[in-house]
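The values are calculated or read from the model by the stated rules, or taken from the named source; none is laboratory data. What you see is a predicted model; the values in this text were computed from it and never measured. Heads up, the Cβs are rebuilt from the backbone with ideal geometry, glycines too, and the neighbour counts pull from every protein chain shown. Ligands, DNA and RNA are excluded from the accessible area calculation, which covers all protein heavy atoms including side chains. Shrake-Rupley method; radii C 1.70, N 1.55, O 1.52, S 1.80 Å.
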Amino acid sequence: MTLTVAAALVPLAVACGNDTADPGSGSVAPPPKLTGTDWRVDSVTEGGTTHRAPAAARIRIGDDGRATGNLGCNTFSAPTTIDDGRIDFGTLRTTRMACDEPRMTFERALTRALNSGALTARTDDGTLTLTAEKGARVQLTPSAAK
């Protein structure tokens, strides 16, 4: 069963169990929303190697399910499907600029991770981790947190 993006947010937040207490207030702050949040990509880990993200790397998934952002050098857009705590990025449409080799190495790793099929989305302490079935991980934080 495919859920709409908005309907998928509540189960994702509940399933991840990532409420954080607001010190001194006695209340629990909700985790950041998967959609409608500007996520800064911090790193991609694949095959035991962690690639630190260039400052430009970011992802935003709109409430309409469309992802946009920067892969480290090139900008991209892609449709997404969110279902039961998993997110699947459709075909990435990208610009085709060339950058220095460290940025291009990171961009290739991030592109492989996003194109690896449905990724498990887990939030913890305000961060987001996208994990591929074969183990690649993308670490993100809300842009305002940086």
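Restricting to region 127-141, what's the tally of residues that are among the small types (Gly, Ala, Ser) and either open to solvent by 60 Å² or more (accessible area, probe 1.4 Å) or in contact with a strand residue (DSSP E or B) (Cβ under 7 Å, 6 or more places away or on another chain) (or both)?
2
Can you name every residue in region 74-86 that is outside any strand (DSSP E or B) and on the phi < 0 side of the Ramachandran plot?
Correct list: Asn74 only.
Quick check: is even one residue across region 76-87 within 24 Å of Thr50 (Cα to Cα), surrounded by fewer than 20 Cβ atoms within 10 Å (Cβ to Cβ) and over 15 Å from the mean Cα position of the chain (by Cα)?
no
Let me spell it out: the conditions are (1) open to solvent by less than 40 Å² (accessible area, probe 1.4 Å); (2) under 14 Å from Thr35 (Cα atoms), and Gly90 meets all of them except one. Which number is the exception?
(2)
Among strands (runs of 3 or more DSSP E) lying entirely in region 1-73, which contain 2 or more residues that are surrounded by fewer than 18 Cβ atoms within 10 Å (Cβ to Cβ), modelled with pLDDT of 85 or more and not charged (D, E, K, R)?
Fully inside region 1-73 and qualifying: 38-46, 49-52.
Would you please list the contacts, defined by Cβ atoms under 7 Å and residues six or more apart or on different chains, that run from a residue in region 43-65 that is under 16 Å from Ser116 (Cβ atoms) to a residue that is among the aliphatic types (A, V, I, L, M) and assigned to a strand (DSSP E or B)?
Correct list of pairs: Val44/Val138; His51/Val44; Ile59/Val41; Ile59/Ala67; Ile59/Leu140.
Of everything in region 101-126, what is crowded, with 17+ Cβ neighbours inside 10 Å and touching a helix residue (DSSP H, G or I) at 6+ places or on another chain (Cβ under 8 Å)? Give them in sequence order.
Leu119, Ala121, Arg122, Thr123
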